Every structure is written in structure tokens, then in C-alpha cells.
1. Can you go through V55, V51 and tell me which one is open to solvent by 60 Å² or more (accessible area, probe 1.4 Å), outside any helix (DSSP H, G or I) and out of contact with any Gly (no Cβ under 7 Å at 6 or more places or on another chain)?
2. Which members of segment 26-42 meet the condition of being in a helix (DSSP H, G or I), open to solvent by 10 Å² or more (accessible area, probe 1.4 Å) and closer than 19 Å to L118 by Cα?
3. How many of the residues in segment 12-23 are touching a strand residue (DSSP E or B) at 6+ places or on another chain (Cβ under 6 Å) and either modelled with pLDDT of 95 or more or not in a helix (DSSP H, G or I) (or both)?
4. Considering each of L64, L45 in turn, give the residue that is open to solvent by 50 Å² or more (accessible area, probe 1.4 Å) and aliphatic (A, V, I, L, M).
5. Output the number of residues of segment 77-103 satisfying the condition of being of a type in the set (S, T, Y) and open to solvent by 10 Å² or more (accessible area, probe 1.4 Å).
Amino acid sequence: AHAGLVKGVVLVVEDDPLARKALGKQLEAEGFSVLAVAGAEEALLEMRSTVPRIVVSDVKLKGLDGIQLCRHIRGDARFAGVPVDLLSGTRINPEDQIAGLEHGADDYLLKPVPGRLLAVRIAAVLRRYAAPGTLRETLRAQGLELDVRSRVVTVGGKPVTLTRKEFDLL
């Protein structure tokens, strides 16, 4: 089996073609399969057919920026189990990082990010998303259903959007 299949698909969102290619190569070298797109709109379109293990997005993009992309992902119950890492070489102030994290990013890294550091930070985020092995895949009680693997919550058959922390507390 290809090593990338073990670690899963990383959706890279970067509008600079050279940076997109370099980031893709870094992640492939670390054993990920990479799906790379130039913008947030394209990323959301791709996610309809391929739900990635994680999204790694530049903050500064043409059209929707990385923070807006993160908000769209967080607002869609289908993607509740998809972490988002934001990267930026220009929006590097603490306020920028706070905005990214407050809008649902799981990590906010400053460019340039050495490949190994990026891989380790991605692995840390993925560990936080992994459900404990002792949990069953679906938990049900009093009309409430939690799908542990996809991190989707339904009440009376209707999906409920929760943040990662809210899901963990539930």
C-alpha cells in the first residue's frame, strides 16, 4: 500500500503555484497523499467529492481567504471531523493568529514552515481528532446520536453543528 493512503489525504489550499507545489512535495515526503487547489472556493468544491483527513490552507488567498474557508468548513456538519491548519507569511501578528483560531482553525503556523515541523504539527492535530479506541463508533441516548468517527451529532435525525470542543465535551 502507498504510504499516503495510511496517513490520508491532505487538501492544500495555496494560490501561489510555486508555494503550492513545494508544500505538496513536503507533505508527500512525509507520507501524505496531497490534493492541491488554488483557492477556497475550489477547496469547498473538492470537499464535496473527497473529504480530506486535514485541510492545510494559506490565510491570504484571492476570493475567500483561509479564515473564511475555515468558517465555511466549520459551518458544515459533513466536515465536522476535518481539522484545518492555517499558514501565513504575511498575516503573522498575534491578532491574525487569534482571529484564525477563534474562527475554528486547529493550528496557525507562520511561513516558512520546515517540512518536518509541519508534518509533526499536522500529526498532533490529527491525534487530537482521533477518537479513543475504547469508544464505540456511534453513541445513542435519548434521541441524541454521536458518530464518533465522523464527529457528527444528530438530534431526532437532524444534524447539529458543534465545535470540536463542544463535541468532545458532549
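1. V51
2. Residues satisfying the conditions are Q26, E28, A29.
3. Total satisfying the criteria: 4.
4. L45
5. Counting residues in segment 77-103 that are of a type in the set (S, T, Y) and open to solvent by 10 Å² or more (accessible area, probe 1.4 Å) gives 1.
The values are calculated or read from the model by the stated rules, or taken from the named source; none is laboratory data. All of these numbers come straight from a predicted model, not from anything done at the bench. As a convention, Cβ positions derive from the backbone with ideal geometry for all residues, glycine included, and neighbour counts pool all protein chains shown. For accessibility, only protein heavy atoms count, side chains too; no ligands or nucleic acids. Shrake-Rupley method; radii C 1.70, N 1.55, O 1.52, S 1.80 Å.
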